[in-house]
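The values are calculated or read from the model by the stated rules, or taken from the named source; none is laboratory data. This structure is a prediction, so every number in the text was calculated from the model and none was measured. Counting neighbours? That spans all protein chains shown, and the Cβs are built from the backbone with ideal geometry, glycine included. Just the protein is used for accessible areas: all its heavy atoms, side chains included, with ligands, DNA and RNA removed. Shrake-Rupley method; radii C 1.70, N 1.55, O 1.52, S 1.80 Å.
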Amino acid sequence: MSDPAAGPLKRTPLYDLHRELGARLVPFAGYEMPVQYPTGILAEHTQTRTACGLFDVSHMGQVRLTAKAGHSAAKAMETLVPGDIVGLQPGQQRYTQFTNDQGGILDDLMVTSTGDHLLVVINAACKDADLAHMQKHLSSMCEVEPMFSRGLLALQGPQASAVLSRLAPQVATMKFMTGAYVVIDGARCYVTRSGYTGGDGYEISTPADQTDAIARKLLSNPEVKPIGLGARDSLRLEAGLCLYGHDIDTTTTPVEAVLLWSVGKERRVQGGFPGASVIQKQIAEGSTRKRVGLLPDGKAIAREGAEIAIGGKIVGTVTSGGFAPTLGRAIAMGYVERAQSANGTKVDLMVRGKPVPAEIVPMPFVKHAYYRG
Amino acid sequence: MAVTKYTEEHEWVRVEGDVATVGITQYAQEQLGDVVFVEVPAVGRKVAKGEACAVVESVKAASDIYAPVAGEIVEGNAALADSPGDVNAEPTGKGWFFKLKLADKAELDGLMDEAGYEAFVKSLG
C-alpha cells in the first residue's frame, strides 16, 4: 500500500506507547503501525471477541464538512456517494462509498452527522486522494477541513461498553451507528458506536495531544489489551467486511460487492452520484459477478489472488483469505460469476497449484454482535 | 552424537547417521507469529538442495520451507496437521517438519554451525 519512495514513515500519536508495549511495527499506508503485540495475533483476536481490545486507527483520515451559506453539506456529499446522507439525523452514522464514473469504488467511508457538520472517516491509503476529491467537488458548497492529526481509537468487544462507560456513562445507551460528543478524561472527543470487527464497540476521535493519555487510561482497565493490525484483519474477515484495495476497488461496484444495502433506496431510483447509470443498470439486470463467502474443506488457507474454479474452469478469484481464529478454520471471500454464486455451490480454490474443495456460504462467518438497544 | 546445522533461511538441520531432521529456528517462529497451518512433503519425494518442499502459514502469510540439503523424504511430521502451534511452542522439538535421507553428506559443510547462525541472526539487527 505504501510507497517507500514517498519519504519517511509517519507516526500516530501512540507511537511511543506501541514501542513501550513491545509492538512489532510495520510500514502500512505510509505509517509505522503495530501489526501485533508480544502475545500474538491469535491471542489478540480472542481477546477482542471475548473481552475488549484497543486498536490505534489514527492513521485513518478524519475530515469535517461544514455547509457554506445557502448550501447543505449532506446534499453536497450525495454528489460523490450513493448513500442516503440527506436522511441522516443528527447523531446518526452511515457506511457508504466514493464512486467513480464507471460505478467503481474509490474508497469506502463512514459519514456521521453532528447536526452542524458531517464527520467523515476514510481509509489511510486513500486519504490524500479522497481529500483532494472532496476539495475539488465540494468546496463551492462546504468547508472541507482535514483533521489528519487527530487520534482515532477503536475500543471493540463485548466488554467495550462496560469499560468506556466508566469514563463516560452516556456511551452505554448509544446504539450501533450513532455518534456523540463525549468528554473523556477532560478531552472533548467524538464517539461513535461502530467498528470493523463485527462485534460491539466504539471508535473514539481524540485531540492529538490527548490521545496517548486516553489510550493509557483505557488500557489500565483489566478487560482491555492492545490489538494490532493483524487481528484487525482476521476480525473483519470473520465479520465479512470488505478491505479496500483487496475486496473492493475502482474495478468493483457496490452491486458486485453486495453492498447494495448501503445504497439509499431513493438514491437507487434518483441517482445523482458518480457512476449512477452503471449501478442502476446492474440493480435492474444484475451484475456479471458477485462477492461471496468461501468455506474451504480442511485446513489449507486460500489467500488473496487464489483462483476459484468449478470443474477446472476458472470462475473467479479470492480477494481475502485467512485463518478464522473464532472458528478454528480457514475462511475466504472473493468474486465469482453471478451464475455460479448461489450458496452451497461447490468450488475449488487453487492453492499452490492444487485444488482445495470449498463451498460458497453466506457471510458473516461469525455472527455480528452490534448493540441495537 | 547429533550435529545441528543452520541455513540462512532460518532452518535447522539435525543430522543423525545419514538422516537429517529439518525444522525452523526460534528466530523464524518469532518472525512468523502464530502458525495455523503446515504442509509437509510426502514420503519418498526426492528433493534438491534449495527446493521448496514444505509450507508454513501464520495468520498473516504463507512461507515456503526449503530443503537445506538434497535427499529423499523419509518422514513428515503428521502431528503438525492438528497442532501447528507446536512450531511456535517447540520449534526445535515437537515442531520439526520432515526427515530426509541425505544424498550427499558433504553438502552439510556448506551450512552454518550454531555460533555461525547466532552471528548471522545478530547481523540482521
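Figures for the structure shown
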| item | result |
| --- | --- |
| Shielding of A:36-49 by partner chains, average beta-carbon count, 10 Å | 2 |
| For chain A, size of Cβ-based charge dipole, Lys and Arg +1, Asp and Glu -1, in debye | 620 debye |
| Sequence-separation-based contact order of chain A, relative, with Cα cut under 8 Å and 6+ spacing, percent | 18 percent |
| Carbon/sulfur fraction of accessible area - the stretch A:219-297, other protein chains in place, 1.4 Å, % | 56 percent |
| Cα-based convex hull, the stretch A:146-195, per residue volume (Å³, whole number) | 88 Å³ |
| Exercise: per-residue mean of other protein chain Cβ atoms within 10 Å, A:293-302 | 2 |
| Projected area averaged over orientations for the protein assembly as shown, convex hull of C-alpha atoms, nm² | 25.4 nm² |
| Per residue value of the accessible surface for the protein assembly as shown (all protein chains in place, 1.4 Å probe), Å² | 42 Å² |
| Cross-link partners of B:LYS60 among lysines (Cα-Cα below 24 Å; sequence separation of 8 or more within a chain) | A:LYS10, A:LYS225, A:LYS299, A:LYS354, A:LYS367, B:LYS94 |
| Protection-proxy order for peptides A:129-140, A:242-253, each taking the mean of Cβ atoms within 10 Å per residue, highest first | A:242-253, A:129-140 |
| Convex hull of Cα atoms in the stretch A:91-201, direction-averaged projection (nm²) | 7.9 nm² |
| Farthest toward positive dipole pole in the protein assembly as shown [+1 Lys/Arg, -1 Asp/Glu at C-beta], among A:SER72, A:PHE55, B:LEU108 | A:SER72 |
| Residues of type lysines that A:LYS290 reaches as a straight line, Cα spacing below 18 Å, ignoring anything fewer than 8 places off in the same chain | A:LYS281, A:LYS313, A:LYS346 |
| Calculated diffusion of chain B, Stokes-Einstein form, Kirkwood radius summed over Cα pairs, 20 °C and 1.002 mPa s, µm²/s | 150 µm²/s |
| Nearest-20 debye value, the stretch A:288-373 charge dipole, Cβ charges on Lys, Arg, Asp, Glu | 160 debye |
| Cα centroid separation, the stretch B:53-88 to the stretch A:349-373 (Å) | 25 Å |
| Overall form of the stretch B:55-125 per C-alpha gyration tensor (a/c, 1.5; a/b vs b/c) | oblate |
| Sequence-distant residues sharing a close amide H with A:GLY201 (under 5 Å, placed H) | A:GLY157, A:SER194, A:TYR371 |
| Whether the stretch A:262-373 is rounded, prolate or oblate, judged on the alpha carbon gyration tensor where a/c under 1.5 counts as rounded | oblate |
| Of the trypsin sites (Lys or Arg not before Pro) in the stretch A:318-368, those whose Cβ has at most 14 other Cβ within 10 Å and which sit in DSSP loop | A:ARG352, A:LYS367 |
| Cβ neighbours within 10 Å from other chains - mean over B:27-38 | 4 |
